[in-house]
Amino acid sequence: MARRKKIYEGKAKILYEGPEPGTLVQYFKDDATAFNAEKRAVIEGKGVLNNRLSEFFMTGLTQLGIPNHFIRRLNMREQLIRQVEIIPLEVIVRNVSAGSMAKRLGMEEGVQLPRPIIEFSLKDDKLGDPLVPEEYITAFGWASQQDLDDIVQLAIRVNDFMSGVMYGVGIKLVDFKIEVGRIWDGDYQRLVVADEISPDSCRLWDIETGAKFDKDVFRRDLGSLTDAYTEVARRLGVMPSNA
Ligand code: C5P
């Protein structure tokens, strides 16, 4: 069997060379990591669920004209994506206090924020993805001021879409992370949502009960991660058994 060229292996995904120039195949692993990979497990079926859920969210973005890297799903664990130049930032959008923000500010989790708050972390595992101010980003050339303005607009549009979709199935979108990539067309660049959008990179709480349906279930040992992600897929009508 022909071996595909592996371009990159991350904690939860592998990227292979795609069938056409400018494309990649994104493979979703079952590996779960937290706390900068200090906690690890293999969670059977997670890759299948995240492949389907990321397809669902990215397709929804496309329908609204929000540019992203998704082309089409290939099989249970793989999707075809556009090759992009990843901007080395994690773009985090928060609607409700939780996680590192609640800890940093000594805030309780679950407080509705006055407006969506966007923050940036540097993608660097060795440093534990530190929060970085915009000044660092522009001074060190990770992104220009124009890029940052465009990234904020993109993040707000993703938040509006995702919040609405989740609200429709009784789930509050507490926060999430996206990554943004550049696609070059000659001297011009387009910024697109890249990586994945899945319960690995969001906080999702049941509106009625507050039950968590995201990676905090794994981080905080709250039960079965597969059950939590399956519940999100079930409510959205995204059933992995139909793959
Ligand atoms: O940990 P923190 O509160 O900063 O996370 C904010 C949001 O970003 C959460 O939804 C979390 O799952 C996501 N995140 C991520 N990848 C990271 C850091 C945070 O998907 N490396």
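Read the figures in this text as sums done on the coordinates, not as results from a lab. Nothing here was measured: the structure is a model prediction, and the numbers come from that model. Note: ideal-geometry Cβ built from the backbone for every residue, glycine included; neighbour counts use all protein chains shown.
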Which ³J(HN,Hα) values, rounded to whole Hz and listed in residue order, are derived for the stretch 27-37 from phi using the Karplus coefficients 6.51, -1.76 and 1.60 in 6.51 cos²θ - 1.76 cosθ + 1.60 with θ = phi - 60°, glycine and proline given as x? 9, 9, 7, 8, 6, 10, 10, 8, 6, 6, 6
Using a Gaussian network model of the chain whose springs link C-alpha atoms within less than 10 Å, name the residue from Ala32, Ala139, Ala98 with the highest mean-square fluctuation. Ala139
Computed over the chain, Cα set: Rg, Dmax in Å: 17.4, 55
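For the stretch 166-243, which trypsin sites (Lys or Arg not before Pro) are both in a DSSP coil and crowded by at most 15 other Cβ atoms within 10 Å?
Numbers: sites: Lys172, Lys177, Arg182, Arg190, Arg203, Lys212, Lys215, Arg219, Arg220, Arg234, Arg235; in loops: Lys215, Arg220.
Listed in order of number, the matching sites are Arg220.
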The answer for GluC sites (Glu not before Pro) in the stretch 170-239 that fall in a DSSP coil and have at most 15 neighbouring Cβ atoms within 10 Å is Glu208
May I ask you to evaluate 6.51 cos²θ - 1.76 cosθ + 1.60, the Karplus curve with θ = phi - 60°, for each residue of the stretch 172-183 and list the ³J(HN,Hα) values in order in whole Hz, giving x for glycine and proline? 8, 7, 6, 6, 6, 10, 10, 10, 10, x, 9, 10
With θ set to phi - 60° and the Karplus curve 6.51 cos²θ - 1.76 cosθ + 1.60, what are the ³J(HN,Hα) couplings of the stretch 72-85 in order, to the nearest whole Hz, using x for Gly and Pro? 6, 7, 9, 6, 3, 10, 10, 9, 8, 9, 6, 6, 10, 9
Loop sites in the stretch 1-88: GluC sites (Glu not before Pro), DSSP, at most 15 other Cβ within 10 Å: Glu38, Glu44
Non-local amide H neighbours of Leu89 (under 5 Å, H modeled in plane, Pro and chain starts lacking H): which ones? Lys123, Val180
